[in-house]
Amino acid sequence: MTQRVLLTRGLSNVRDAIDLIHQAMLPGEFHLGATYFTEHTPLRQAADSLYLEPADKEVEVSIEWLLDLCRTQDFGWIWPQGRWPLLLQAQDRLAATGIRSILPCPDADTLEVLQDKARANARLAAAGVSLPRSLPVAAADEFIAALAELESSAHKVCVKPVQSIYGLGFRLIDDSKRPFDRLLSNDSFTIGRAEFAALLETSAGERPFLAMEYLAGDERSIDCLAWHGRLVRAVIRRKPSTAHGRWQIIEDDAESWKIAAHAVAEFRLHGLVNVQTRERLYPDGCREQCFLEVNPRMAGGIDMACQSGLNLPYWLLRLAAGTIEEAQIPWPASGVRVAKIERAVILDGASV
């Protein structure tokens, strides 16, 4: 019997996940529907069916529309890729109609903590997870004080918003360049201390930041298959500093697994989620992984992770549908070097 699954609007990795499931599934095993706000999307080519979301953004209308869509199109599962607060609050309504959902955490309160890096860090620090030293800042004087404290330990200092995705707002504090030189070189990685302090001053506390110890070692992106607070499988993608963002390597790393398992358990995560770590470098050459953040969604590099031979979206659906035991899910290969390339498509079949 075909399992009909509806993926709601998310990032571009939704298309990647659908393609990956199609590559692995048996004929007729899944029907993968998707919702989006416009017909002009590559999702038209990837999804088995595409549904335009209503223009009305009212919460109740959105839930009613989803419920009606699932009833009329016979979707037994919803796998939300966004609007999680709305759907977490409505999960009892979904269940009452017989619609099952794959949600990243148990409730809206947990999601609120996850999306606040300061609160999430505090929870994990209390559980004994290593983190970069960080201090909250929302005003110029707080930033100057935090900078002095962090730099006193010979740390380079970086800043990032308490709430953000894709590294938006992240900057390394660096006074070696003039603001004009940064403009001409299109530098979106560094900022001077005076510039950042001035920005905080003008923002009047609108967006709180964390001032943090800058970790100079390799970054890792850990793509997790979680099941109600338990880490079932993970693909660990290391981003060597020598690769300069051009490639990544999939590895088997016990320290990464341990950090990811702590995060999954602490927040009772479920489905496909992503944990980020980065290394602290010591003068003697030792390296220590530190937790950076957890995202309650698939990573943008999910397609790279699946080059390991572990098709994470497919096995998640099999596990949710009850057609597989955990022990039957394969383990990823290690030592695989991967990269991501763009591809062009024709957006046909949609009216202009």
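The values are calculated or read from the model by the stated rules, or taken from the named source; none is laboratory data. For clarity, every value in this text was computed on a predicted model and none was experimentally measured. With ideal geometry, Cβ positions are generated from the backbone for all residues, glycine too; neighbour counts draw on all protein chains shown.
Whether a residue is in contact with a Phe, Trp or Tyr (Cβ under 8 Å, 6 or more places away or on another chain) and not in a strand (DSSP E or B) was assessed, and ILE259 passes this test. Of the residues making up the range 316-326, those that are surrounded by fewer than 22 Cβ atoms within 10 Å (Cβ to Cβ) and either within 20 Å of the chain's Cα centre (by Cα) or not hydrophobic (A, V, I, L, M, F, W, C) (or both) are ARG318, GLY322, THR323, GLU325, GLU326. Of the helices (runs of 4 or more DSSP H) that lie entirely inside the range 98-215, those containing 3 or more residues that are within 27 Å of GLU288 (Cα to Cα) and either outside the structural domain of CYS70 (by TED's automatic domain parsing) or out of contact with any Pro (no Cβ under 7 Å at 6 or more places or on another chain) (or both) span 117-126, 140-151.
Of all residues in the range 262-277, which are among the small types (Gly, Ala, Ser), in a helix (DSSP H, G or I) and buried (at least 18 other Cβ atoms within 10 Å of the Cβ)?
Taking the range 262-277 first, the residues among the small types (Gly, Ala, Ser) are 263, 265, 271.
After this cut, where a residue has to be in a helix (DSSP H, G or I) as well, the list is 263, 265.
Once the filter is applied, which keeps residues that are among the small types (Gly, Ala, Ser), in a helix (DSSP H, G or I) and buried (at least 18 other Cβ atoms within 10 Å of the Cβ), the range 262-277 yields only ALA263.
Counting only strands (runs of 3 or more DSSP E) wholly contained in the range 1-52, the ones carrying 3 or more residues that are closer than 19 Å to ALA321 by Cα, touching a strand residue (DSSP E or B) at 6+ places or on another chain (Cβ under 9 Å) and not small (Gly, Ala, Ser) occupy 3-7, 30-36.
Is it fair to say LEU66 is at pLDDT 90 or above and in contact with a Cys (Cβ under 8 Å, 6 or more places away or on another chain)? Steps first, answer last, please.
Values: at pLDDT 90 or above: yes; in contact with a Cys (Cβ under 8 Å, 6 or more places away or on another chain): no.
When the stated conditions are applied, LEU66 does not pass them.
Output yes when any residue across the range 172-179 is among the aliphatic types (A, V, I, L, M), more than 30 Å from the chain's Cα centre (by Cα) and either surrounded by 14 or more Cβ atoms within 10 Å (Cβ to Cβ) or over 17 Å from ARG280 (Cβ atoms) (or both), and no when none is. Scanning the range 172-179, I find no residue that is among the aliphatic types (A, V, I, L, M), more than 30 Å from the chain's Cα centre (by Cα) and either surrounded by 14 or more Cβ atoms within 10 Å (Cβ to Cβ) or over 17 Å from ARG280 (Cβ atoms) (or both), so the answer is no.
Tell me the residue from ARG280, ARG297, ARG343 that is of a type in the set (D, E, K, R) and part of a strand (DSSP E or B), please.
Working: ARG297 fails: part of a strand (DSSP E or B); ARG343 fails: part of a strand (DSSP E or B).
Selected residue: ARG280, the only one of ARG280, ARG297, ARG343 that is of a type in the set (D, E, K, R) and part of a strand (DSSP E or B).
Restricting the range 321-352 to residues that are more than 17 Å from LEU225 (Cα to Cα) and charged (D, E, K, R), which is modelled with the highest pLDDT? The extreme case among them is ARG337.
Residue under question is ALA305, and the condition is that it be surrounded by fewer than 17 Cβ atoms within 10 Å (Cβ to Cβ) and either modelled with pLDDT of 95 or more or not acidic (Asp, Glu) (or both); does it hold?
On the way: surrounded by fewer than 17 Cβ atoms within 10 Å (Cβ to Cβ): no; either modelled with pLDDT of 95 or more or not acidic (Asp, Glu) (or both): yes.
Criteria not met by ALA305.
The rows are residues; the columns are (1) aliphatic (A, V, I, L, M); (2) closer than 20 Å to ARG297 by Cβ; (3) in contact (Cβ under 8 Å) with a residue 60 or more places away in the chain.
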| residue | (1), (2), (3) |
| --- | --- |
| GLU53 | no, yes, no |
| LEU67 | yes, no, no |
| ALA90 | yes, yes, no |
| ALA108 | yes, yes, no |
| ARG123 | no, yes, yes |
| VAL129 | yes, no, yes |
| VAL137 | yes, no, yes |
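The condition of being under 23 Å from VAL345 (Cα atoms) and either within 24 Å of the chain's Cα centre (by Cα) or crowded, with 20+ Cβ neighbours inside 10 Å (or both) holds for only one of THR41, THR110, that being THR41.
Residues that are surrounded by 18 or more Cβ atoms within 10 Å (Cβ to Cβ), under 23 Å from MET298 (Cβ atoms) and polar (S, T, N, Q) are absent from the range 14-34. Residues that are exposed (fewer than 14 other Cβ atoms within 10 Å of the Cβ), among the charged types (D, E, K, R), at negative phi and in a helix (DSSP H, G or I) do occur in the range 68-84.
Results for (1) of a type in the set (Ser, Thr, Tyr); (2) touching an Asp or Glu at 6+ places or on another chain (Cβ under 9 Å); (3) more than 13 Å from ALA234 (Cβ to Cβ); (4) not assigned by TED's automatic domain parsing to the domain that holds LEU87, shown as yes or no for each residue.
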{"position": "GLU266", "(1), (2), (3), (4)": "no, no, yes, yes"}
{"position": "VAL273", "(1), (2), (3), (4)": "no, yes, no, yes"}
{"position": "ARG278", "(1), (2), (3), (4)": "no, yes, yes, yes"}
{"position": "GLU293", "(1), (2), (3), (4)": "no, no, yes, yes"}
{"position": "ALA299", "(1), (2), (3), (4)": "no, yes, no, yes"}
{"position": "GLY309", "(1), (2), (3), (4)": "no, no, yes, yes"}
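Being out of contact with any Asp or Glu (no Cβ under 6 Å at 6 or more places or on another chain), farther than 21 Å from ARG9 by Cα and surrounded by 18 or more Cβ atoms within 10 Å (Cβ to Cβ) is true of ILE329.
Taken across the range 45-63, residues that are closer than 19 Å to LEU272 by Cβ, of a type in the set (Ser, Thr, Tyr) and either out of contact with any Pro (no Cβ under 8 Å at 6 or more places or on another chain) or not assigned by TED's automatic domain parsing to the domain that holds LEU317 (or both) do not occur at all.
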